[in-house]
Amino acid sequence: MKGQVTAFIILGMVVLAIGITIYSFRAQIFSATFGGEIEEGIIVPQQAERAKLYVDTCLESIVLQGVNILSAQGGYIELPLNEVPTLINPFGNALDLFGTGSGQVAYWFTETASGVQKSQMPTKEQMETALATYIDNNVQSCINDFRPLRNQGYAFTEELPRSRVAINEENIIVQTDYKITMQIDDFSFTLERFRKTIKTELGKMYQTAVQIMQKEGTDYFLEERALDMMAVYDTIRFSGIVVECTTRTWLKTNVQKELRKIFSLNFPTIRIEGSQYRENPRDAKSFTVDALSRKTGASILFTYQEEWPLLMDVVGENEEILRGKPFTAENAASRFLLPLFCLNDNHFVYDLKFPMLISLQDGDSTFQFATLVVIDNNQP
């Protein structure tokens, strides 16, 4: 009896292990199945070849359109909706590249108007579903009721398309169930399934982008670099005691303008270790970030444009003018120095928020996404 129970337990564990394996590798199994089907090919009679080629051409065109939108908008075809007007929250859920609303890139990290932080990094499965939906919604518009073929004497009846998509590292596999019955003279034939493999680096670049974002989420390297820039440039009053008898003043608007210039100039010098970039002896070693688990053929660019939003608040300074403060201290050394020198404390505490565009390029393939850089009380 005990032996039977043990056998059932072992059998149950084997079944469970198989189930977990299938679930864990369901995407790879799906892709492999697609690949096998594609290699078999779809044989159609000669009279139907023109109709099949017509649909295949439209399907490939729509897939490429969808891939371009995904790549340009941070993995989204339909951008996340803004919950409040941009006048209240200038960042929203997407970075408006040109200020016209026509070129927007989804934030993978952002904040709501009330300061609640949220992640909007899409999963690969969400991207696959979005692309499949885009294909189903647009392929019939491209086919345009088969008018060119109808003018040649063909007749068609069709059902609604249903697509599945697998995004792999170096290609995208699409399978569209699309029942089309064509007839010309006394010949009739039904096409039911179309498959396409599109070569693209989208999947590989998405994985690279995820690793960069994960590194930013743990190390805050964008915020750290921004703080380094603020400390280095004399035009930004950040922290320090200076020997001056006259208390200096700065305008907040001028400081904000300088920050825009500094960020625009310096963020493109960030390098990701293992990516493709041209060595420049002038690039500081501290601006090389180790974020990738393996080397990539992609080049990676970090961009902030001066015309993009930058929210700046100087804690405790409610006026437009920033003023240094006479230095005071209680230790003996300070009491000895103060009568001999004029010392001013130019320490200011900043809250900053501004967008960052991260772009990847690998051959003819591109991918870009945005993130919000947040500094709170001089801390990332």
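So that you can scan it fast, the table gives a plain yes or no per residue for (1) farther than 28 Å from GLY203 by Cβ; (2) open to solvent by 50 Å² or more (accessible area, probe 1.4 Å); (3) not in a strand (DSSP E or B):
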{"site": "PRO80", "(1), (2), (3)": "no, no, yes"}
{"site": "ALA106", "(1), (2), (3)": "no, no, no"}
{"site": "SER114", "(1), (2), (3)": "yes, yes, yes"}
{"site": "LEU131", "(1), (2), (3)": "no, no, yes"}
{"site": "ASN138", "(1), (2), (3)": "no, no, yes"}
{"site": "ILE172", "(1), (2), (3)": "no, no, no"}
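Taking (1) at pLDDT 95 or above; (2) at positive phi; (3) open to solvent by 50 Å² or more (accessible area, probe 1.4 Å) in turn, GLY99 satisfies each apart from (1). Filtered by the rule that a residue be of a type in the set (Val, Ile, Thr) and surrounded by fewer than 16 Cβ atoms within 10 Å (Cβ to Cβ), the stretch 140-160 gives a lone residue, THR157. Selection of the stretch 174-183 for residues being of a type in the set (A, V, I, L, M, F, W, C) and open to solvent by 10 Å² or more (accessible area, probe 1.4 Å) yields an empty set.
The values are calculated or read from the model by the stated rules, or taken from the named source; none is laboratory data. A quick note: this is a predicted structure, and the numbers were derived from the prediction, not measured. Please note: Cβ atoms are built from the backbone with ideal geometry, for glycine as well, and neighbour counts cover all protein chains shown. The area values use the complete protein model at the heavy-atom level, side chains included, leaving out ligands, DNA and RNA. Shrake-Rupley method; radii C 1.70, N 1.55, O 1.52, S 1.80 Å.
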